[in-house]
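These notes are about the structure you will find just below.
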Amino acid sequence: MSSDEVYSRLKKNRKKKRGPVFQITMWVLFFLVVLFLVGCGVFTYYASTAPNISYKTLSSDNSTTIYDRNGKVISRLGMQNRDYVKQKDIPENMKNAIISVEDRHFYTDKGVDPVRIAGAAVNNLFGGGGLQGGSTLTQQLVKLSVFSTKASDQTIKRKAQEAWLATKVNREYSKQQILEFYINKVYMGNNAYGMQTASEVMYHKPLSELDLAQTALLAGLPQAPVAYNPVHNPKYATSRRNQVLEAMVKNKAITRKQANQAEQEDVQAGIDKQNVDKTPTQKDEKYADAYIGQVLQEMNQKGYKLNAGNKVYTNIDMDTQKQMYQLANDDNSGLNFPNNDFQIGATMTNPNNGKIVAMLGSRKQNIQFGLNRAVQTDHSSGSTMKPLMDYGPAIEYLNYPTYQPVKDTPYTYPGTNRQLHDFDNKYEGTMTMRQALVESRNIPAIRTLEAVGVPRATEFLNGLGMSFKEPLNLQNGIGAYISTKQEAAAYAAFANGGTYYKPYAISKVETPTGETKTYSPSGKEAMSESTAFMITDMLKGVMTDPKGSGTAANIPGLNQAGKTGTTQYPDDWLSSVPENSSMDSWFTGYTKNLSLSVWTGYDKPLEPGHYISQSQSKIAQLFYKEIMQNASQDLPNDNWTKPANVVKTKVDNQTQYYIAGHAGDLKENVIKNNTQAGQTADNKAVVNLPNNQPNKQEEQTTDKNTNSGTTANNEQKPAATPQTNNNEKQTNPEPAPNNGGNSQQQNNSQPTTGTNNQTAPANNQGGNNQTANQPQPTAGTK
């Protein structure tokens, strides 16, 4: 074989050897090089956008500072929950325990562990979840100082920034300083930050006086403070403590004999079990306790941590907030609270944006962040539900005029033998919708709801931010389980012309990294402007009409509207309380600038003496009056303007309104049966004025101001053509005028009973904390 042939064969063999395998290998290498370069580029970009980190950030207590609407500090939560310990006072056992269980290479690494970072990156790329593990102790410090600790936030971007900042911290601070920062930064449970704080809370002594077993327990707590709580979960706490001790043995920080001895010690030894669950002392901001609790709830919902060093700007008006607190807690306030068990919950909002202006959760309560009755839903709202579920939907969906004839005649709930009555066991015959609402008669309200239909009424309530776990029924038309926060926001939609704004306390949050997030929920249309105006015009009379149920809340000269509400005891408790006693008393009212809802009563109304007397039922009205009067002093006193599609008219010499094209049926004597004209619908809540005494404010606001300049020339008489619902069934033998679209059904064949058999609201709103042994109250009567 010649040399040329040999060379030719070798050449062919080389080509074979550089076949597909070789090519794939080269492509893989090329891909890895490109991936490395891209990774370096991405890392560089992420690092360049990392937040600043400073000594203050690393060493500060990261307390949350809460400001009022004027930028004044009202609370620094977490500020006093940390006993800072310097490195010279940190025992070696504590340092060794932390290093052994968290980062065995702490003293030799450069702030990051490349192998861990690579593994975390692969998990993020191919595992489909957040990054797990991979953090050195220095990285954990960075995370605690400037980043969220939520698993969902552990993205590759955050990991890159975390690694970059960790190397920076490692260059600028000694290992002992980093340990000091970490030991003072970690969360130890129960709102305590730092291991020195936990040591004082649990053992009443500093870190330097703890034995080995106690030291190991504290070193292991930050991983899961609740799960490893030695009082509530001693089994898991013991396991975690022993895990730390074993890590110390492996790291040659202690001997096997020392570990065995420490593991034999009871994990609860030396712990003050009564003190371990107590929150460390915080700044006492008693006036805004309930409001701050609401702020914390919103922070949690938005993903902010209490220990993140955020600045939280709120909508609170501290002047109004302090007045609420003082009026409820000052024994000389003039409201004559019967005893210290008598409670109150109140919420004030701005109707034009949903901002919570003030919130009161209790009175005579010395527990920080105790029960906030302003947001509880375990008390029936009584008759404050009538504008929301009965008359508001009737105008919105059925175009009822304010003079719509409604019947206060014997009524039995369809399909049952349960009969409905007012407290006085009387009927007023046919009356206008306005008068029925002003006097807070129950039967006309339920008949109106029946005409609307519960599904549409429920839809109306949903638009006002109210949802319920169980379907509503007719009985809820005179009471449902909602909170003052919900009701203030719902009535605010009447005040602003029909727009619902979800109530909110936080307006802005600034993080330590300089990020700012503002909050301003957009409103949504809940009803027409005409519905809001006509309900408002009727609700004015609740306070200004001599027969109105809320005259004690009237503020002369102020343009306002509102509604009372009470709930009565069930039949089997009536003999245990005085006549005309109530379980709950509400008042919700508003101006164009503010909406305020107030509940008063007892947490346990079935205990002896825990009833609301007839005079005490006015406390909610008087509280409203005092707060609203003061809060409105520097605000415009604008009246509501009649929408263009609402027509003003006169019925029996009283100003009334209807929606253009829906005048309904007008007859001369539909207002009421005169045989009972002198009866007040609620002799429990009304300030009895002489019937011949004119009410100047009513005259002014209905005839002039209400219409913002409309004159007698555009007053119209409604057409005589009735609006008849073809499905209407009238079985009541009493003669009555046409109800203009009212599809109510009546059943006179069943006997009537006294008011004590009045049926209670049947549905609780989601979140109801009412106990099983608390009976359902009788529905609202005023």
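Checked against (1) free of Cβ contacts under 8 Å to residues at least 12 places away in the same chain; (2) within 20 Å of the chain's Cα centre (by Cα), residue 313 passes all but a single condition, namely (1). Of the residues 555, 535, the single one that is of a type in the set (Val, Ile, Thr) and in a helix (DSSP H, G or I) is 535. Taken together, 142, 112 contain a single residue that is part of a helix (DSSP H, G or I), of a type in the set (Val, Ile, Thr), buried (at least 19 other Cβ atoms within 10 Å of the Cβ) and at pLDDT 80 or above, which is 142.
For region 399-449, the set of residues classified as closer than 20 Å to residue 479 by Cβ and among the basic types (Lys, Arg) consists of 418, 441, 447, listed by residue number.
Residues in region 459-480 that are part of a helix (DSSP H, G or I), of a type outside the set (A, V, I, L, M, F, W, C) and surrounded by 19 or more Cβ atoms within 10 Å (Cβ to Cβ): 475, 476, 477.
Checking 294, 268, 261 one by one, the residue that is part of a loop (DSSP other than H, G, I, E, B) and not aromatic (Phe, Trp, Tyr) is 268 and no other. No other residue among 85, 122, 101 is at pLDDT below 80 and aliphatic (A, V, I, L, M) apart from 122. I'd like to know if region 405-412 contains one or more residues that are surrounded by 23 or more Cβ atoms within 10 Å (Cβ to Cβ) and aromatic (Phe, Trp, Tyr). Yes, some residue in region 405-412 is surrounded by 23 or more Cβ atoms within 10 Å (Cβ to Cβ) and aromatic (Phe, Trp, Tyr). Against the condition free of Cβ contacts under 8 Å to residues at least 24 places away in the same chain, outside any strand (DSSP E or B) and either in contact with an Asp or Glu (Cβ under 6 Å, 6 or more places away or on another chain) or farther than 22 Å from residue 628 by Cβ (or both), how does residue 300 come out, does it pass? For residue 300, the condition - free of Cβ contacts under 8 Å to residues at least 24 places away in the same chain, outside any strand (DSSP E or B) and either in contact with an Asp or Glu (Cβ under 6 Å, 6 or more places away or on another chain) or farther than 22 Å from residue 628 by Cβ (or both) - is met. Pairs are defined by a Cβ separation below 7 Å, a sequence spacing of at least 6 or placement on different chains, a first member in region 413-428 that is under 21 Å from residue 580 (Cα atoms) and hydroxyl-bearing (Ser, Thr, Tyr), and a second member that is at pLDDT 90 or above and buried (at least 21 other Cβ atoms within 10 Å of the Cβ); the pairs so defined are 427/408. Scanning region 505-544 for residues that are touching a residue at least 60 places away in the same chain (Cβ under 8 Å) and β-branched (Val, Ile, Thr) returns 506, 509, 511, 513, 531, 535, 536, 542, 544.
Looking only at region 417-448, count how many residues are in a helix (DSSP H, G or I) and among the small types (Gly, Ala, Ser).
Start the filter on region 417-448 by keeping residues that are in a helix (DSSP H, G or I), which leaves 433-438, 442-448.
In the following step, the residues that additionally are among the small types (Gly, Ala, Ser) were identified as 436, 445.
Of the residues in that region, 2 qualify.
Candidates in region 197-231 are the residues that are without any contact (Cβ under 8 Å) to a residue 40 or more places away in the chain and surrounded by fewer than 21 Cβ atoms within 10 Å (Cβ to Cβ); of these, the one that is farthest from the chain's Cα centre (by Cα) is 209.
Within region 342-351, the residues that satisfy the criterion of being touching a Lys or Arg at 6+ places or on another chain (Cβ under 8 Å) and under 24 Å from residue 615 (Cα atoms) are 342, 343, 344, 345, 347. Across region 462-475, the number of residues qualifying as touching a strand residue (DSSP E or B) at 6+ places or on another chain (Cβ under 8 Å), touching a residue at least 40 places away in the same chain (Cβ under 8 Å) and not aromatic (Phe, Trp, Tyr) comes to 5. Considering (1) touching a residue at least 24 places away in the same chain (Cβ under 8 Å); (2) more than 19 Å from residue 629 (Cβ to Cβ), the lone condition that residue 358 does not fulfil carries the number (2).
Within region 232-258, which residues are polar (S, T, N, Q), assigned to a helix (DSSP H, G or I) and free of Cβ contacts under 8 Å to residues at least 40 places away in the same chain?
238, 239, 242
Applying the condition of being modelled with pLDDT of 80 or more and surrounded by fewer than 16 Cβ atoms within 10 Å (Cβ to Cβ) to region 151-176 and asking which residue is nearest to residue 96 (Cα to Cα) yields 176.
Evaluating residue 292 against the criteria (1) exposed (fewer than 14 other Cβ atoms within 10 Å of the Cβ); (2) at pLDDT below 95 leaves one unmet condition, (1).
On the basis of being touching a Ser or Thr at 6+ places or on another chain (Cβ under 9 Å), crowded, with 21+ Cβ neighbours inside 10 Å and not in a helix (DSSP H, G or I), does residue 348 make the cut? Spelling it out, residue 348 is indeed touching a Ser or Thr at 6+ places or on another chain (Cβ under 9 Å), crowded, with 21+ Cβ neighbours inside 10 Å and not in a helix (DSSP H, G or I). Considering only residues in region 598-607 that are at pLDDT below 95 and farther than 12 Å from residue 339 by Cβ, the one that is nearest to the chain's Cα centre (by Cα) turns out to be 603. On the basis of being touching a helix residue (DSSP H, G or I) at 6+ places or on another chain (Cβ under 6 Å) and either among the charged types (D, E, K, R) or at pLDDT below 95 (or both), does residue 263 make the cut? When the stated conditions are applied, residue 263 passes them. Residue 320: within 20 Å of the chain's Cα centre (by Cα), among the β-branched types (Val, Ile, Thr), within 24 Å of residue 638 (Cβ to Cβ) and crowded, with 24+ Cβ neighbours inside 10 Å, yes or no? Criteria not met by residue 320.
Is there any pair linking a residue in region 62-73 that is at pLDDT 90 or above to one that is surrounded by fewer than 18 Cβ atoms within 10 Å (Cβ to Cβ), with Cβ under 6 Å and at least six apart or on different chains, and which? These pairs meet every condition: 67/73. Take the conditions (1) modelled with pLDDT of 95 or more; (2) outside any loop (DSSP other than H, G, I, E, B); residue 574 misses just one of them, which is (1). Can residue 523 be described as of a type outside the set (A, V, I, L, M, F, W, C), closer than 25 Å to residue 634 by Cβ and surrounded by 24 or more Cβ atoms within 10 Å (Cβ to Cβ)? No; evaluated as a whole, the condition is false for this residue.
The values are calculated or read from the model by the stated rules, or taken from the named source; none is laboratory data. No experiment lies behind these values; they were computed from the predicted model shown. Note that each Cβ is placed from the backbone with ideal geometry, even for glycine, and that neighbours are counted across all protein chains shown.
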